[in-house]
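Notes follow once the structure below has been shown.
The values are calculated or read from the model by the stated rules, or taken from the named source; none is laboratory data. Source: prediction; values computed, not measured. Here the Cβ is made from the backbone with ideal geometry for all residues, glycine too, and neighbour counts use every protein chain on show. Please note that ligands, DNA and RNA were not included when accessible areas were found on the heavy atoms of the full protein model with its side chains. Shrake-Rupley method; radii C 1.70, N 1.55, O 1.52, S 1.80 Å.
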Amino acid sequence: MTTLRPGPSATPRAAAHLVRLLLATGPAALGWGAAAPVAVAARRDRDAVALIRGAERLTAGALAERVRERAAELAVQHSPGTRLGVELDGGIPGLVELLAAVVAGCDVVPLGPRLAPEERAAHADPVVGAPRRGPGRVRTLSSGTTGVPRPGAGRLGIRRLLQLADLDRRIAPPDGALLVLAPPDHGHGLSAVLAGLAHGRPVVLGSGLPLEEQRALLAETPATVTGVPAQLARLDAPGAWRGVRLVVSGSSRLDAGLAERMRAEGARVLDAYGTTEAGTVALDGRPLAGCRIRLAADGAIVLRSPGARGWRHPGDRGELVEGRLRVLGRTDGRLDHGGELVDPARTAAVLRAIPGVRRVRVEAEPHELLGHVLTAELHVDPSAGLDADRIRSLAEPRLDAAHRPRRLTLR
């Protein structure tokens, strides 16, 4: 079994970078926990634009004040340690609510459109936990690799901080605006927003906007663009990346041709790999500080990081190319759908449970942008009164958008 380790200088360099970040943060901001980048941005320049969503622009000072005021209200409503589900639709109000809840000492589960209605409802109501002091934690839901999405533990010890510091050091975003295409309920999207605030970059929230609006944002030439490969591929066109200095991709495999087109137009391209539970463990195929990656004889990837206990089997397979990890696909039958993991067996089980459905066959079709989409063929009882619309309405509460069949055929 081959093991990839960080270079010998990774941990010392991460430690030095972490010290610089802590000195820039200041003691007051540390009490904000995961929301500390908001306080950092306000400390650096209160009048600088921090968040942009459509026509709305919020300065760093105004953002910090909104978070502080809402945190005071939430602290009255909920005891420290309470777990709250916060709806995020890509806009500024949802982010303010999430950050304020963390400052108020609550643990936060980000909820977004990628969840099935029943999954979202399971985390919507407050859950009172053991009282504790200090800021709360962001407990991002798992991606589904290990079953039904569930909140992560949110541990943040010194080794985890070194992992994050190494990632921040190696990305080193340039001056200028940061366009975030990944949704903020994703670990990818939320981390990018917080990193942009910490570095004093204007963060443009592009998640969930119509394609033409996203193309218009890209045409304004932000310094940095980050998103999942499917989102980046949708925006790809001759000249689209001209003037963009950095592109950070993650959450699924980046097409080599797309990466080369970006580089040909002058962008530095970084490909991040990891899982929701373990966090980002490698950048451009090289492990971050504190992380280990193993390749079994059959190519299965096994990884370890400070953010998760023990060795993890994410269900990916890969190979080593000149000492770097290259992810090739899945080993567990799950498929990539625009950065989301899709399990055809889950869709089949939901459809099979509908009264009047006799047999189900779910298949995956290749998709140019999303990777794969699902189709379903159902044999139904003629007396059940089922049509495609009725079946979709019965299955929708239990299936997220990625698991809903793109095409239904009834027999």
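When Thr221 is tested against (1) modelled with pLDDT under 95; (2) in contact with a helix residue (DSSP H, G or I) (Cβ under 7 Å, 6 or more places away or on another chain); (3) among the β-branched types (Val, Ile, Thr), just one condition goes unmet, and that condition is (2). Within segment 374-388, does at least one residue satisfy the condition of being in contact (Cβ under 8 Å) with a residue 40 or more places away in the chain and either open to solvent by less than 60 Å² (accessible area, probe 1.4 Å) or not in a strand (DSSP E or B) (or both)? Within segment 374-388, none of the residues are in contact (Cβ under 8 Å) with a residue 40 or more places away in the chain and either open to solvent by less than 60 Å² (accessible area, probe 1.4 Å) or not in a strand (DSSP E or B) (or both). Taking the criterion of being within 23 Å of Pro314 (Cβ to Cβ) and either assigned to a helix (DSSP H, G or I) or free of Cβ contacts under 8 Å to residues at least 60 places away in the same chain (or both), the residues of segment 250-280 that qualify are Leu254, Asp255, Ala256, Leu258, Ala259, Val269, Asp271, Tyr273, Gly274, Ala278.
For Gly144, are the conditions met, namely being open to solvent by less than 30 Å² (accessible area, probe 1.4 Å) and at pLDDT below 90? Judged against the criteria, Gly144 is a match. For segment 97-111, does any single residue satisfy the condition of being over 21 Å from Arg139 (Cα atoms) and either surrounded by 23 or more Cβ atoms within 10 Å (Cβ to Cβ) or not hydroxyl-bearing (Ser, Thr, Tyr) (or both)? Scanning segment 97-111 turns up no residue that is over 21 Å from Arg139 (Cα atoms) and either surrounded by 23 or more Cβ atoms within 10 Å (Cβ to Cβ) or not hydroxyl-bearing (Ser, Thr, Tyr) (or both). Checking each residue in segment 201-213 for being modelled with pLDDT under 95 and open to solvent by less than 30 Å² (accessible area, probe 1.4 Å) picks out only Ser207. Any residue that is closer than 26 Å to Asp185 by Cβ, at pLDDT below 95, over 18 Å from the mean Cα position of the chain (by Cα) and open to solvent by 10 Å² or more (accessible area, probe 1.4 Å) - is there at least one of those in segment 270-279? No, segment 270-279 contains no residue that is closer than 26 Å to Asp185 by Cβ, at pLDDT below 95, over 18 Å from the mean Cα position of the chain (by Cα) and open to solvent by 10 Å² or more (accessible area, probe 1.4 Å). Reported count of residues in segment 187-216, each being more than 24 Å from Arg44 (Cβ to Cβ) and in contact with a Pro (Cβ under 8 Å, 6 or more places away or on another chain), is 2.
Take the conditions (1) farther than 24 Å from Arg133 by Cβ; (2) touching a Ser or Thr at 6+ places or on another chain (Cβ under 6 Å); Val40 misses just one of them, which is (1). Among the numbered conditions (1) within 25 Å of Arg169 (Cα to Cα); (2) among the small types (Gly, Ala, Ser); (3) modelled with pLDDT of 95 or more, the only one that Gly31 does not meet is (3).
Gly129: on the phi > 0 side of the Ramachandran plot and assigned to a loop (DSSP other than H, G, I, E, B), yes or no? Considered against the rule, which asks whether it is on the phi > 0 side of the Ramachandran plot and assigned to a loop (DSSP other than H, G, I, E, B), Gly129 comes out as no. Elements of the type helices (runs of 4 or more DSSP H) sitting completely within segment 11-86 and holding at least 3 residues that are open to solvent by less than 60 Å² (accessible area, probe 1.4 Å), at negative phi and without any contact (Cβ under 8 Å) to a residue 40 or more places away in the chain: these cover 60-77.
Pairs linking a residue in segment 285-302 that is surrounded by fewer than 18 Cβ atoms within 10 Å (Cβ to Cβ) to a residue that is aromatic (Phe, Trp, Tyr) and not in a loop (DSSP other than H, G, I, E, B), with Cβ atoms under 9 Å and 6 or more positions apart or on different chains, do not occur. Residues of segment 232-249 that are surrounded by 23 or more Cβ atoms within 10 Å (Cβ to Cβ) and in a helix (DSSP H, G or I): Leu232 alone. For segment 331-341, indicate whether the set of residues that are closer than 23 Å to Leu295 by Cα, modelled with pLDDT under 90 and open to solvent by 70 Å² or more (accessible area, probe 1.4 Å) is non-empty. Scanning segment 331-341 turns up at least one residue that is closer than 23 Å to Leu295 by Cα, modelled with pLDDT under 90 and open to solvent by 70 Å² or more (accessible area, probe 1.4 Å).
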